[in-house]
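Comments concern the structure below.
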């Protein structure tokens with residue numbers, strides 16, 4: 001058993017520098033380097049005790065009294081060299097101001113030899129160290145003795161931060177990629193020399209200049225500050241760096257003591273205290289807590305005060321997007337992009353050390369107080385040798401223990417503001433292959449309402465009639481990690497054991513294998529044999545409304561009490577939509593779908609693997625709903641069609657990172673529109689394109705589709721995200737479908753689904769599939785429409801003249817921002833009807849003639865909405 005008693009039942013919290021609102025990540029390489037697993041046992045020495053308890057008492061007493069002879073006397077030595085090695089070990093640990101040995105005593109005496117875990121804490125200010133060690137005890141002819149010690153993990157490099165001497169800062173320049181702080185005058189406070197320059201506080205007058213390289217990030221900065229470059233006069237700054245980076249990031253750093261510096265110390269200490277807890281803090285139940293970590297070499301954090309409040313700029317060498325500017329107080333991610341010279345497009349799985357293969361999850365729900373008690377036995381594949389792995393669990397939930405059959409109890413650290421934890425592999429460090437971890441957890445977590453869990457959604461209505469009650473279910477989903485998960489979405493199978501009060505039901509994805517009610521509790525089990533990215537459970541008063549088998553897919557419906565009357569119709573509707581999608585995208589990824597109908601004041605939906613949650617407004621509920629890019633209230637089946645499409649787009653295949661989220665939402669939005677065309681006809685479909693186009697054109701300049709969930713984030717306007725990612729994204733797919741042809745488009749998406757089933761893809765994979773199916777080069781279209789913000793603008797001119805058999809109309813269209821040839825519908829209305837023709841519009845424009853039997857009444861282009869474009873008439 002490997003266990004750190006000081007951390008039992010508690011959480012150790014690490015606060016990294018970039019705990020920004022839209023990227024909650026711990027610099028994993030930093031902690032992985034700190035939780036270093038070291039192998040190798042100390043050679044045995046010599047002594048004896050009558051039983052293991054007496055031997056452990058002897059070790060404990062020797063450590064407390066720093067009695068070297070008593071400590072060595074507890075060992076059975078084979079030679080003097082091994083004895084000297086153990087003597088050096090305790091001398092080093094006892095040399096500081098404080099040291100502790102905490103032994104986890106076995107409840108029973110196992111067969112010898114056996115292992116006993118312990119924690120060693122050593123403090124030599126301003127530094128500290130925590131080790132997780134295992135002693136090996138054995139019985140010899142003369143009694144019990146220690147024969148080995150192994151350090152299975154350790155946290156080295158803990159520091160206490162403080163401000164020390166003051167230096168003149170006039171003329172100093174602090175340089176980071178795309179960032180500069182040029183000091184005109186002031187004082188720079190450094191820590192005491194024994195610590196090294198890992199924390200700096202400046203007070204005085206300086207100019208901060210931040211100039212992001214990518215145009216997209218320049219636009220985000222403009223939305224925040226009004227300019228594409230940030231230039232601010234600042235009077236205080238807090239800096240964290242690795243001490244070895246001091247002369248690299250600070251120029252003109254021939255520092256001289258500032259005799260006037262003490263006058264600024266109070267202001268420096270105030271700024272220090274305001275921001276020191278935000279960066280690299282380890283909040284653990286350790287002596288003299290809290291402790292801080294030293295940033296990794298090349299990593300930096302700068303917090304500076306501006307007229308807009310405190311802003312933080314970070315550099316993280318281990319992140320794919322290593323440069324970040326954010327407003328911590330307002331939870332605004334302003335800029336986030338790769339370091340110069342690194343790859344702009346990435347797969348979030350590339351640097352992952354562990355794959356989650358299977359969850360065996362048991363949870364007891366107490367809905368009245370939002371209580372959860374559970375444990376998850378996770379089967380993991382370690383992809384490369386490592387000493388730690390990172391898991392996620394909502395910060396509201398306490399981790400009770402983490403255990404493996406191979407390594408016993410594991411040391412873990414909670415990650416503040418990131419819903420994360422670092423788990424030491426202990427004796428499993430360096431292992432490659434499969435292991436099993438069981439995480440026990442408990443706490444109270446109120447899930448977000450389902451209409452906020454996943455798009456589409458609409459803005460909250462106004463003028464609610466509070467006399468009508470709404471029975472809302474609790475939906476535990478991927479908005480927050482309510483059960484232990486990998487660092488990124490990871491496809492895994494699952495076995496679920498769910499326990500709710502009698503009278504309630506728990507609905508999840510997969511096949512229901514057991515259902516029973518006894519002792520005032522209902523227990524239900526689900527088996528998910530096919531991989532899913534995450535697990536969702538809806539808890540509420542649900543009634544089974546039936547099931548329908550259609551081909552290879554079984555749809556089971558569950559409904560809130562007042563929705564049982566609509567369940568049959570929704571179930572039949574879902575089956576029809578699934579049949580249509582199979583003709584467009586290929587086989588449904590999951591053979592069983594559980595449909596949960598819930599009440600809500602705001603309509604919406606959510607689509608976990610093998611499950612659809614549809615929230616429905618009660619018919620008698622009054623109040624107006626705002627118009628929204630994702631809302632089509634006159635097409636009630638649109639919500640369920642969108643959510644069903646996510647079984648293919650979002651689960652059958654998924655995006656590689658947050659930039660690729662459009663592949664899920666745009667495809668689902670477009671799939672729902674195609675269903676409307678199939679079910680309601682061409683006129684209804686064009687009406688949807690009109691509305692999508694209106695939203696997309698209105699918000700197109702806010703950022704490219706590829707910016708993902710950061711669209712609208714700075715302004716706090718989620719409609720920007722939905723207008724660009726949902727509606728513009730769907731329209732881009734429609735334009736690509738027109739360019740490559742419907743058959744080629746269908747072949748491409750079916751091939752993509754088949755080749756990458758239960759895998760992650762990127763925009764380039766979609767482009768490659770379309771190019772293979774069509775033989776066209778689509779790179780210019782993706783560059784403008786997905787990675788850029790420009791959209792076509794058409795200028796129309798026409799002239800009609802009498803002809804031999806009626807009238808001839810010459811139509812001229814001048815194009816702007818066209819990435820290549822596009823199909824264009826031209827139409828001439830006349831008294832007897834309308835002449836419609838589809839032509840190929842080149843980027844420079846074109847001219848065409850249309851003959852009509854009568855005088856033209858109106859000339860139109862793009863009336864069929866095949867192109868998302870602004871049309872102007874001469």
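The values are calculated or read from the model by the stated rules, or taken from the named source; none is laboratory data. No experiment lies behind these values; they were computed from the predicted model shown. Note that we place each Cβ from the backbone using ideal geometry, even for glycine, and neighbour counts take in every protein chain shown.
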Based on this model, can you work out whether residue 100 counts as farther than 15 Å from residue 135 by Cα, touching a residue at least 24 places away in the same chain (Cβ under 8 Å), outside the structural domain of residue 289 (by TED's automatic domain parsing) and assigned to a helix (DSSP H, G or I)? no
Limited to the range 559-576, what total is found for residues that are touching a helix residue (DSSP H, G or I) at 6+ places or on another chain (Cβ under 8 Å) and buried (at least 22 other Cβ atoms within 10 Å of the Cβ)? 3
Verdict on residue 209 being part of a strand (DSSP E or B), without any contact (Cβ under 8 Å) to a residue 60 or more places away in the chain, touching a strand residue (DSSP E or B) at 6+ places or on another chain (Cβ under 9 Å) and assigned by TED's automatic domain parsing to the domain that holds residue 54: no
In the list 759, 741, 775, 716, which residue meets the criterion of being touching a strand residue (DSSP E or B) at 6+ places or on another chain (Cβ under 7 Å), surrounded by fewer than 17 Cβ atoms within 10 Å (Cβ to Cβ) and either closer than 23 Å to residue 673 by Cβ or not assigned by TED's automatic domain parsing to the domain that holds residue 842 (or both)? 759
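Are any of the residues in the range 604-612 surrounded by fewer than 24 Cβ atoms within 10 Å (Cβ to Cβ), under 30 Å from residue 543 (Cβ atoms), touching a residue at least 24 places away in the same chain (Cβ under 8 Å) and touching a strand residue (DSSP E or B) at 6+ places or on another chain (Cβ under 9 Å)?
no
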Would a scan of the range 238-255 turn up a residue that is in contact with a helix residue (DSSP H, G or I) (Cβ under 6 Å, 6 or more places away or on another chain), assigned by TED's automatic domain parsing to the domain that holds residue 306, under 12 Å from residue 161 (Cβ atoms) and assigned to a strand (DSSP E or B)? yes
Conditions first: (1) out of contact with any strand residue (DSSP E or B) (no Cβ under 7 Å at 6 or more places or on another chain); (2) assigned to a strand (DSSP E or B); (3) within 28 Å of residue 663 (Cα to Cα). Residue 802 passes all but one, so which condition is the exception? (3)
Subset of the range 280-318 [more than 30 Å from residue 341 (Cα to Cα) and in a loop (DSSP other than H, G, I, E, B)]: 284, 285, 286, 287, 288, 289, 290, 307, 308
Quick test of your reading of the structure: residue 547 fulfils all but one of (1) assigned to a strand (DSSP E or B); (2) touching a residue at least 60 places away in the same chain (Cβ under 8 Å). Name the failing condition by number. (2)
Within the range 384-412, residues within 19 Å of the chain's Cα centre (by Cα) and either free of Cβ contacts under 8 Å to residues at least 24 places away in the same chain or assigned to a strand (DSSP E or B) (or both) come out as 389, 390, 391, 392, 397
Among the residues listed as 658, 670, the single one being within 18 Å of residue 786 (Cβ to Cβ) and surrounded by fewer than 22 Cβ atoms within 10 Å (Cβ to Cβ): 658
Residue list for the range 128-146, filter: more than 17 Å from residue 104 (Cα to Cα) and free of Cβ contacts under 8 Å to residues at least 40 places away in the same chain: 129, 139, 141
Kindly indicate which of 160, 175 is surrounded by fewer than 21 Cβ atoms within 10 Å (Cβ to Cβ), in contact with a helix residue (DSSP H, G or I) (Cβ under 9 Å, 6 or more places away or on another chain) and at pLDDT 95 or above. 175
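Against the condition touching a helix residue (DSSP H, G or I) at 6+ places or on another chain (Cβ under 9 Å), in the same structural domain as residue 665 (by TED's automatic domain parsing) and assigned to a loop (DSSP other than H, G, I, E, B), how does residue 818 come out, does it pass?
Working: touching a helix residue (DSSP H, G or I) at 6+ places or on another chain (Cβ under 9 Å): yes; in the same structural domain as residue 665 (by TED's automatic domain parsing): no; assigned to a loop (DSSP other than H, G, I, E, B): yes.
No: the conditions fail for residue 818.
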